[in-house]
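Some notes on the structure that comes next.
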Amino acid sequence: MLKTIKILRERVEDWNAYPFSVPAIQSLDELNLCSRVCLFAGENGTGKSTLLEAIGAHYGFGREGGNRNFRNDCTRSNHSIDALVRALRLSFDMRTGAGYFLRAESLFNTVSYMDSLDEEPAFAPPISAFYGGRSLHTRSHGETFLTLLDLKFRRNGLFLLDEPEAALSPQRQLSLLVLIHDVLQKYRNAQFIISTHSPIILGYPQAQLFSFDDESIHEIHYQETTSLQIVRQFVNDREKFLEELLTENLPLFDDQNE
Ligand SMILES: Nc1ncnc2c1ncn2[C@@H]1O[C@H](COP(=O)(O)OP(=O)(O)OP(=O)(O)O)[C@@H](O)[C@H]1O
Ligand SMILES: [Mg+2]
């Protein structure tokens, strides 16, 4: 299990350049993980994926996802976190190298990469044979995601998920909670670290929640998460919520986009 995430500050070359320029990353000294389900919450752009990707790269996963045997590193930008990977110290009570990194955002690229490998002549069985027998492109986004969860997550290891809700309906997010519960019951050395905006996923019992808001990474309680508070207000009184939102013309976008 991953116990501590630390930035060795003496290894940081440039605090003004990405990824150290991201306030939550800049203020990170040491995070102590004490649960087998750790959830990263926080507003868009606060650094959740940056840290998750760096943890994955440090552990040996591809930047776009996969595991140590199947690494997909093909985007142009993803090497910009290398400086953070070099500055990270991850402490485990047992580091096996097993696990999987699944990003809803780059799933399409990952599946295309698998298909391209299968198109090349090889003596080994096709990759698709390990993913249900056919290209994952012939499944929907959510079906692909669930197939990978089902086939790659039922074992010991470190499992990283970046915004699984981008692929999963609310009902399937509940299926994800069931899968996590099932895996944790059966495999004592399984651990999940998940970046999410979903109030459903954030509600996993006994999870350790970290907020990346307010320019620092800090522990919070479920009830304090902005995702829950906004959805709760919306559902409890949608008419009033929308009336206030739309008549008061509250700014939804930062000035930087204007
Ligand atoms: N390759 C990059 N180069 C420079 N800045 C970047 C790069 N990737 C991300 N950023 C910036 O770093 C900040 C953190 O991005 P990150 O993707 O980690 O946010 P996030 O918390 O995962 O957001 P979201 O909830 O939208 O996924 C953002 O301001 C983003 O614009
Ligand atoms: Mg993100």
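The values are calculated or read from the model by the stated rules, or taken from the named source; none is laboratory data. This is a predicted model, so every value here is computed, not measured. Note that we place each Cβ from the backbone using ideal geometry, even for glycine, and neighbour counts take in every protein chain shown.
Structural remarks
- Scanning segment 168-218 for residues that are more than 12 Å from residue 154 (Cα to Cα), assigned to a loop (DSSP other than H, G, I, E, B) and touching a strand residue (DSSP E or B) at 6+ places or on another chain (Cβ under 9 Å) turns up 196, 197, 204, 205, 206, 207, 212, 213, 217.
- Filter result (within 12 Å of ligand 1 (Cβ to nearest atom), of a type in the set (Lys, Arg) and at pLDDT below 95) within segment 17-72: 63
- Selection within segment 37-48 - buried (at least 20 other Cβ atoms within 10 Å of the Cβ) and near ligand 2 (Cβ under 9 Å from one of its atoms): 40, 46, 47, 48
- Residue count for segment 99-125, restricted to those that are crowded, with 17+ Cβ neighbours inside 10 Å and without any contact (Cβ under 8 Å) to a residue 40 or more places away in the chain: 1
- Residues that are more than 16 Å from ligand 2 (Cβ to nearest atom) and among the aromatic types (Phe, Trp, Tyr) were ranked within segment 14-36; the one that is farthest from residue 84 (Cα to Cα) is 15.
- The set of residues in segment 138-152 that are within 19 Å of residue 103 (Cβ to Cβ) and either surrounded by fewer than 14 Cβ atoms within 10 Å (Cβ to Cβ) or in contact with a strand residue (DSSP E or B) (Cβ under 9 Å, 6 or more places away or on another chain) (or both) comprises 140, 145, 148, 149, 150, 151, 152.
- Meets criteria (buried (at least 20 other Cβ atoms within 10 Å of the Cβ), under 21 Å from residue 91 (Cβ atoms) and more than 12 Å from ligand 1 (Cβ to nearest atom)) for residue 8: no
- Looking across segment 154-167 at every residue that is assigned to a loop (DSSP other than H, G, I, E, B) and within 16 Å of ligand 2 (Cβ to nearest atom), the one that is surrounded by the fewest Cβ atoms within 10 Å (Cβ to Cβ) is identified as 163.
- Residue match in segment 98-107 (condition: in contact with a strand residue (DSSP E or B) (Cβ under 6 Å, 6 or more places away or on another chain), part of a loop (DSSP other than H, G, I, E, B) and under 30 Å from residue 11 (Cα atoms)): yes
- Taking every residue in segment 204-215 that is without any contact (Cβ under 8 Å) to a residue 60 or more places away in the chain and closer than 8 Å to residue 37 by Cα and pairing it with any residue that is crowded, with 21+ Cβ neighbours inside 10 Å and of a type in the set (Asp, Glu), at least 6 positions away or on another chain, yields no pair with a Cβ-Cβ distance below 9 Å.
- Which listed residue, of 151, 146, 176, 184, is within 14 Å of the chain's Cα centre (by Cα) and either under 22 Å from residue 56 (Cα atoms) or within 16 Å of ligand 2 (Cβ to nearest atom) (or both): 176
- Which numbered condition residue 163 misses (of (1) away from ligand 1 (no atom under 16 Å from the Cβ); (2) on the phi > 0 side of the Ramachandran plot): (1)
- Looking only at residues of segment 73-94 that are modelled with pLDDT of 70 or more and touching a helix residue (DSSP H, G or I) at 6+ places or on another chain (Cβ under 8 Å), we find that the one that is nearest to ligand 1 (Cβ to nearest atom) is 81.
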